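Some notes on the structure that comes next.
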Amino acid sequence: MDRNMSAPHALVAALPQDDVLKPIGEKILRKARISFEEGVTLFEKGSLSFLGALANWVREEKHGNKTYFNRNFHIEPTNVCVFSCKFCSYSRLYAHREEGWELSIEQMMHIVKSYDGKPVTEVHIVGGVHPKMNLDFFLELLRTIKAHRPDLHIKGFTPVELDYMFRKAKVSVEEGMRLAHEAGLDSLPGGGAEIFHPDIRKQICDDKVDADGWLHIHKTAHQLGMHSNATLLYGHIENYAHRIDHMERLRSLQDETGGFNTFIPLKFRNKDNDMSHVPESSIIEDMRMYAVSRLYMDNFPHIKAYWPMLGRQNAQLTLSFGVNDIDGTIDDSTKIYAMAGSEEQTPTMSTAELVQLIRQVNRQPVERGTLYNEIRDYSDVALESLN
Ligand code: V47
Ligand code: SF4
């Protein structure tokens with residue numbers, strides 16, 4: 001290969017001489033948007049190396065070698081849930097309370113206070129939908145956390161939880177989101193999205209908020225000036241068109257509001273749930289998913305691999321397939337993936353371990369805040385000096 005060739009030219013030369021894939025690859029290298037059909041074609045026909053080379057090029061165009069992580073902790077107020085998503089290994093119905101937990105505000109503040117003096121910047125609050133934990137309860141929780149630690153960014157509650165609490169409190173989404181924002185909610189995590197397409201949604205999570213409801217809550221948050229993330233639960237009974245349909249709905253909303261920060265593909269894990277008979281996706285399919293996400297979601301700045309679900313080495317691998325964020329140094333306070341079969345039974349990683357993980361694959365570790373403000377570049381920091 002000609003050493004003087006610029007990266008896109010070298011990549012064009014390496015593209016398959018194929019009537020179908022070559023024009024899509026050229027379009028991506030021209031930074032033009034790919035269509036729904038082209039997205040499906042990438043899934044159907046794109047080899048791992050083709051998708052990976054393009055996704056890595058886009059990633060490096062946008063972020064160079066920077067790989068973001070944050071320092072956060074999780075609070076899961078309850079695993080009692082009125083809904084019955086078939087893929088969920090986590091929730092315990094109200095009738096089985098002996099297997100469930102529900103934390104009081106005091107207990108949750110005990111968790112918050114255990115991080116006093118520690119350099120965390122975010123708390124991620126997400127859990128099941130408990131019929132008794134209502135809007136007033138969560139508004140009080142938000143106010144109490146903010147009163148204790150005003151600079152802690154509160155990322156919390158999926159549209160599944162919010163839709164339920166707003167309906168029970170008989171407030172509109174607009175009013176409910178305004179109240180939550182005023183009480184201290186800073187941004188929304190990406191959960192609850194699963195697969196938007198009704199053909200799949202009605203089979204795996206029929207009774208919770210639908211696609212329009214999910215999108216409306218995120219749109220309302222964006223209109224209030226809040227940012228949010230979006231997820232997609234892949235690798236179960238959906239097909240490639242369902243995945244692209246999901247991404248298309250998010251890409252369109254992002255065109256309108258610009259309020260999404262990060263897209264997070266979530267790999268379906270099959271332990272101890274009503275879909276345990278469905279095999280899990282292969283690592284190759286996982287990497288293809290990350291790569292197509294980077295290529296299709298052209299208006300999402302960040303693509304995140306959530307390492308507690310994928311495992312550390314696979315998360316490292318995603319950094320060559322379009323991913324530029326591997327979430328946080330979370331401690332073992334999140335149970336959702338351990339219960340669904342992730343090999344990460346105690347998802348704890350120190351800053352030094354995360355930094356090392358990123359450096360091992362020759363990327364540049366940068367600590368970020370929730371909104372991707374850069375806090376510290378760890379490229380040259382001695383690992384021994386980190387806690
Ligand atoms: O919506 C549940 C998923 C999500 C399983 O925004 C499962 O920064 C795989 O959204 N296999 C909640 N996935 C977690 C979530 C999240 C996580 C980390 C960071 C952020 C963020 C958001 O967990 C649910 C659902 O899609 N989930 N069960 C399972 N068996
Ligand atoms: Fe409840 Fe969420 Fe589990 Fe669905 S995924 S059952 S909404 S905890």
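The numbers here are math on the coordinates, done by the rules we state, and not lab data. Since the model is a prediction, treat every value here as computed from it, not as a measurement. When we count neighbours, we look across all protein chains shown, and the Cβ atoms used for this are built from the backbone with ideal geometry, even at glycine.
What does the helix-only formula give at 222 nm for the chain: each DSSP H stretch with n ≥ 4 adding -39500 (n - 2.57), the total divided by the residues, and the result rounded to the nearest 500 deg cm²/dmol? Spell out each step's value before the answer.
Values: 16 runs with 166 residues, N = 387.
Rounded to the nearest 500, the figure is -12500 deg cm²/dmol.
Relative to the present Cα-Cα distance, how much length would full extension add between Asn299 and Val12 at 0.36 nm per residue of separation?
Details: separation 287, 0.36 × 287 = 103.32 nm, distance 2.26 nm.
101.1 nm is the gain from fully extending Asn299 to Val12.
Would you grab the residues whose amide H sits under 5 Å from the one on Lys66? Only those 5+ places off in sequence or on another chain, please, with H modelled 1.01 Å from N.
HN-HN under 5 Å from Lys66: Gln364.
Under 5 Å between amide hydrogens, which residues at least 5 positions from Leu266 or on another chain qualify, with H placed 1.01 Å from N in the peptide plane?
Under 5 Å from the amide H of Leu266 lie the amide H atoms of Leu232, Leu233, Tyr234, each far enough along the sequence or on another chain.
With r defined as the distance between the Cβ atoms of Ser350 and Asp151 and R0 fixed at 22 Å, what FRET efficiency is calculated, to the nearest 0.05?
Between Ser350 and Asp151 the formula returns 0.50.
Can you put His110, His246 in order of Cβ neighbours within 10 angstrom, beginning with the fewest? Spell out each step's value before the answer.
Values: His110 11, His246 26.
Ascending Cβ contact count within 10 Å gives the list His110, His246.
What length, rounded to one decimal in nm, is gained on full extension from Asp207 through to Ile237, with 0.36 nm per residue of separation minus their alpha-carbon distance?
Details: separation 30, 0.36 × 30 = 10.80 nm, distance 1.77 nm.
Net length gain for the segment: 9.0 nm.
What value in Å³ per residue do you get for the convex hull of the alpha-carbon atoms in the chain? Before the final figure, lay out each step's value.
Details: hull volume 52.2 nm³, N = 387.
So the per-residue Cα hull volume is 135 Å³.
Against the longest alpha carbon principal axis of the chain, how many degrees, from 0 to 90 and to the nearest 10, is the axis of helix 211-223 turned?
90 degrees
Would you mind getting the Kirkwood hydrodynamic radius of region 147-193 from its Cα pairs, rounded to one decimal in Å?
Details: mean 1/r = 0.0884 Å⁻¹.
Over region 147-193, the inverse of the mean reciprocal pair distance is 11.3 Å.
Going down the list Lys202/Lys271; Lys22/Lys62; Lys45/Lys208; Lys118/Lys267, which pairs span over 28 Å between their C-alpha atoms?
Details: Lys202/Lys271 21 Å; Lys22/Lys62 22 Å; Lys45/Lys208 34 Å; Lys118/Lys267 31 Å.
Beyond 28 Å: Lys45/Lys208; Lys118/Lys267.
Relative contact order for region 2-63 using alpha-carbon pairs under 8 Å, separation at least 6, rounded to a whole percent?
Numbers: 26 pairs, mean separation 20.7, N = 62.
Dividing the mean separation by the residue count of region 2-63 yields 33 percent.
Taking the convex hull of the Cα atoms, report for region 2-63 its projected area averaged over all directions, in nm².
Working: hull surface 17.5 nm².
If I average the Cα hull's projected area over directions, I get 4.4 nm².
Using Cα pairs closer than 8 Å and at least 6 residues apart in sequence, work out the relative contact order for the chain, in percent.
Details: 688 pairs, mean separation 80.5, N = 387.
Reported as a whole number, the value is 21 percent.
Taking the chain as the reference, fit the longest principal axis to its C-alpha atoms, fit the long axis of helix 173-183 to the helix C-alpha atoms, and give the angle between the two in degrees, 0 to 90, nearest 10.
80 degrees
I'd like the FRET efficiency for Arg143 and Ser114, computed as 1/(1 + (r/R0)^6) with the beta carbon distance as r and R0 of 25 Å, rounded to 0.05.
Values: r = 20 Å, r/R0 = 0.78.
Computed FRET efficiency for Arg143 and Ser114: 0.80.
Could you list Thr348, Thr144 in order of exposure, starting from the residue whose Cβ has the fewest other Cβ atoms within 10 Å? Don't skip to the answer; put the middle values down first.
On the way: Thr348 13, Thr144 16.
Fewest-to-most Cβ neighbours within 10 Å comes out as Thr348, Thr144.
So what are the radius of gyration and Dmax for the Cα set of region 79-223, in Å?
15.4, 48
Mind giving me the nanometre distance, one decimal, between the label points for Ser35 and Lys22, set 7 Å out from Cα along Cα→Cβ?
About 2.0 nm, to one decimal.
Where in region 175-219 does the amide nitrogen come within less than 14 Å of the point 7 Å from the Cα of Ser276, taken along Cα to Cβ?
Flagged as within label range: none.
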